[in-house]
Amino acid sequence: MKSSILEQKIAASLKEATRSALGELADELDEIPMEVPKSAQHGELASSLAMKLAKKARTAPRVLAQKVTERFAAAAGSQGIAEWVDRAEVAGAGFINVHLSGRALQSVVPEILADPQGYGRGEAGRGRRALVEFVSANPTGPLTVAHGRQAALGDSLVRILRFSGYEVASEYYNNDVGVQIEALGASLLARSREAVGLEARFPENGYQGEYLKVIAEKMLEERGRDWLNDEVTAREQASDYARTHIMEMIRRDLDDFGVGFDRFFSQETLMQSGAVEEALTALKAKGSVYEKEGAVWLGSTAYGDDKDRVIVKSDKNYTYLMPDIAYHRDKFERGFDLLVDILGPDHHGYIARLKASQAALGNDPGKIHVLIAQLVTLYEGEKQLRMSTRAGEFITLRELVDEVGCDAARFFYLMRKSDSHLDFDLELAKRQSADNPVFYIQYVHARITSIQTTAKENGIETDAAVAADLETLGEPEEISLLRSLRLYPRAACGAAELLDPHLVVEYLNDLAACFHQFYQKHRVLGDDPRLVRARLLLIGAVKQVIRSGLHLLGVSAPEKM
């Protein structure tokens with residue numbers, strides 16, 4: 001019986017037992033609360049239903065829980081799962097703990113091996129469409145370490161949402177017009193003039209990174225120096241060349257980081273299409289804007305923002321918010337049910353105004369979920385690596401990946417919740433030992449592959465193993481592995497629901513710890529043929545789940561290490 005189906009039937013059994021004990025009062029719960037106890041001593045599943053109903057039942061939670069557990073066995077029988085449940089018992093303040101039978105725990109192994117790629121997949125997103133927009137760095141310089149965190153988070157979420165049944169599109173919003181692009185062009189022009197010995201006026205708001213000198217040399221090599229003669233057209237050419245060249249560099253960095261996008265959405269194209277004017281007209285038609293001091297304001301306080309926002313300045317130019325309003329209006333018009341934006345740490349105040357703007361247009365702001373990727377601090381052991389005080393100097397994503405590798409970089413980026421500050425230890429990320437968490441998990445996959453290869457070389461086959469062989473799995477470390485394997489669907493589905501890949505990281509750490517404890521204490525290729533077959537099946541299931549979980553994080557599962 002599939003893990004998710006078994007949990008559903010256990011919940012249905014608890015509901016039936018509650019109705020038997022309390023009658024119609026049981027219907028006060030739309031669904032039976034279920035969670036996984038922290039300690040294996042408390043079983044595989046626990047419910048707080050008695051505590052939720054105690055007040056209305058005017059009964060102490062433990063007394064109520066006892067009444068429900070007394071009726072649970074009969075309810076489990078009527079649901080056809082009596083042989084899959086060992087017992088239900090009352091614990092603590094009134095929790096009902098459910099212990100699965102050995103057969104139920106062991107059944108997870110053939111369930112995984114029968115559908116290695118499908119085990120753990122959710123159904124929550126079936127029939128729903130999601131758009132994940134992330135990175136969206138201005139094409140004014142290379143991707144930094146901070147952008148790398150957004151890239152790892154966004155790509156993992158795309159994978160996790162697809163695994164949960166969503167039809168997912170990934171998108172990069174390219175801010176390829178505006179003041180920053182004009183400053184970029186002026187900066188490249190200045191560097192180009194410097195390179196050929198001409199007088200150069202570097203803009204006050206210019207970009208001073210060394211990368212612009214490299215781009216200037218490349219542009220001069222390709223186009224000569226005649227384009228420098230007319231400063232007006234030269235600046236336009238420089239802007240166009242710089243943004244195009246940098247965007248190509250960004251794409252290469254993302255590709256090498258294992259991150260792809262279904263679409264690069266150009267702000268310039270958005271502006272040229274008339275979509276921004278259309279969005280402004282729509283806001284006016286809704287009565288959501290007003291004029292003051294020559295500017296156009298969005299009445300965003302009416303939709304939960306802390307103050308109204310200027311969207312057209314008195315000089316008739318748009319503020320940065322107005323194109324974003326049009327862009328998100330476009331997202332809604334494309335029919336997505338879930339819109340995920342991943343923004344940098346300085347964008348907390350932007351969330352309310354973004355949601356308010358879409359509410360003002362008549363769109364559902366509840367569909368917008370904004371994740372803030374907090375700052376990253378690099379360390380080498382205990383030494384913090386600081387940015388240079390010279391303007392334009394920073395550590396790039398490519399430099400980080402070249403230093404520690406793609407797998408370690410992606411995994412370390414996801415080791416903390418996105419809204420938590422991340423300390424990234426370069427020394428630890430390069431270490432080839434169990435101290436390195438990504439090595440610790442990947443080594444499980446490689447070690448199991450080695451065991452399977454040895455078994456095959458010795459003529460040990462598991463294809464013909466019968467379910468009865470699994471009955472030999474009863475050691476505490478084996479039971480721990482079985483329990484851990486059962487939790488993978490919950491971890492994957494929880495990560496999709498909460499938009500938090502960190503839950504998958506935590507799960508893989510726990511599963512790897514269970515395997516290493518098992519391996520240190522037990523021989524897989526021992527003397528008892530039935531036990532050998534059972535353990536090979538068990539570790540084969542572990543291998544598949546490790547591979548699946550690492551894939552959700554965008555991390556490889558090596559055969560050898």
Of the conditions (1) over 17 Å from ALA146 (Cβ atoms); (2) of a type in the set (S, T, N, Q); (3) in contact with a helix residue (DSSP H, G or I) (Cβ under 6 Å, 6 or more places away or on another chain), the single one that SER418 does not satisfy is (1)
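When you go through ILE451, ILE460, ILE479 one by one, which is the residue that is part of a loop (DSSP other than H, G, I, E, B), touching a residue at least 60 places away in the same chain (Cβ under 8 Å) and among the hydrophobic types (A, V, I, L, M, F, W, C)? Full working, then the answer.
Values: ILE451 fails: part of a loop (DSSP other than H, G, I, E, B); ILE479 fails: part of a loop (DSSP other than H, G, I, E, B).
Result: ILE460 is the single residue among ILE451, ILE460, ILE479 that is part of a loop (DSSP other than H, G, I, E, B), touching a residue at least 60 places away in the same chain (Cβ under 8 Å) and among the hydrophobic types (A, V, I, L, M, F, W, C).
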Of all residues in the range 47-61, count the ones that are assigned to a helix (DSSP H, G or I) and buried (at least 18 other Cβ atoms within 10 Å of the Cβ). 7
Any idea which residue in the range 277-309 is farthest from ASN174 (Cα to Cα), counting only those that are β-branched (Val, Ile, Thr) and more than 33 Å from the chain's Cα centre (by Cα)? VAL289
Filter the range 344-381 for residues that are without any contact (Cβ under 8 Å) to a residue 40 or more places away in the chain and of a type in the set (A, V, I, L, M, F, W, C); the one that is farthest from LEU400 (Cα to Cα) is LEU354
Out of all the residues in the range 365-387, which are farther than 20 Å from ARG149 by Cα and either touching a Pro at 6+ places or on another chain (Cβ under 8 Å) or surrounded by 17 or more Cβ atoms within 10 Å (Cβ to Cβ) (or both)? PRO365, LYS367, ILE368
In the range 160-200, which residues are crowded, with 19+ Cβ neighbours inside 10 Å and within 30 Å of GLY549 (Cα to Cα)? ILE160, LEU161, PHE163, SER164, TYR166, VAL168, SER170, GLU171, TYR172, TYR173
All conditions in (1) under 22 Å from GLU277 (Cα atoms); (2) surrounded by fewer than 17 Cβ atoms within 10 Å (Cβ to Cβ) are true of ALA359 except (2)
Determine if the range 205-214 includes at least one residue that is surrounded by fewer than 17 Cβ atoms within 10 Å (Cβ to Cβ) and more than 39 Å from the chain's Cα centre (by Cα). no
Could you grab me the full set of residues in the range 78-136 that are assigned by TED's automatic domain parsing to the domain that holds LEU53, crowded, with 23+ Cβ neighbours inside 10 Å, among the small types (Gly, Ala, Ser) and on the phi < 0 side of the Ramachandran plot? ALA88
What pairs come up if the first residue lies in the range 243-267 and is small (Gly, Ala, Ser), the second is assigned to a helix (DSSP H, G or I) and surrounded by fewer than 20 Cβ atoms within 10 Å (Cβ to Cβ), and their beta carbons are under 9 Å apart, counting only those six or more places apart or on different chains? GLY258/CYS406; SER266/GLN272
In the range 515-559, how many are of a type in the set (D, E, K, R) and at pLDDT below 95? 4
List the number of the failed condition for GLU277; all other conditions in (1) crowded, with 20+ Cβ neighbours inside 10 Å; (2) of a type outside the set (A, V, I, L, M, F, W, C); (3) closer than 25 Å to LYS331 by Cβ hold. (1)
Got a sec? Which of ALA465, ALA491, ALA512, ALA496 is more than 25 Å from ASN436 (Cα to Cα), buried (at least 19 other Cβ atoms within 10 Å of the Cβ) and modelled with pLDDT of 95 or more? ALA496
Could you grab me the full set of residues in the range 72-119 that are of a type in the set (Asp, Glu) and touching a residue at least 12 places away in the same chain (Cβ under 8 Å)? GLU83, ASP86, GLU89, GLU111
Of all residues in the range 29-46, how many are at pLDDT 90 or above and assigned to a helix (DSSP H, G or I)? 1
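For residues that are hydroxyl-bearing (Ser, Thr, Tyr), surrounded by fewer than 17 Cβ atoms within 10 Å (Cβ to Cβ) and at pLDDT 95 or above, tally how many sit in the range 225-243.
Here is the first cut: in the range 225-243, the ones hydroxyl-bearing (Ser, Thr, Tyr) are 233, 239, 241.
Next, only the ones that are surrounded by fewer than 17 Cβ atoms within 10 Å (Cβ to Cβ) stay: 233.
Then drop every residue that is not at pLDDT 95 or above, which leaves none.
Residues that pass the stated criteria total 0.
The values are calculated or read from the model by the stated rules, or taken from the named source; none is laboratory data. Keep in mind that this is a model prediction, so the values were computed, not measured. Cβ sites come from the backbone with ideal geometry, for glycine too, and all protein chains shown count toward neighbours.
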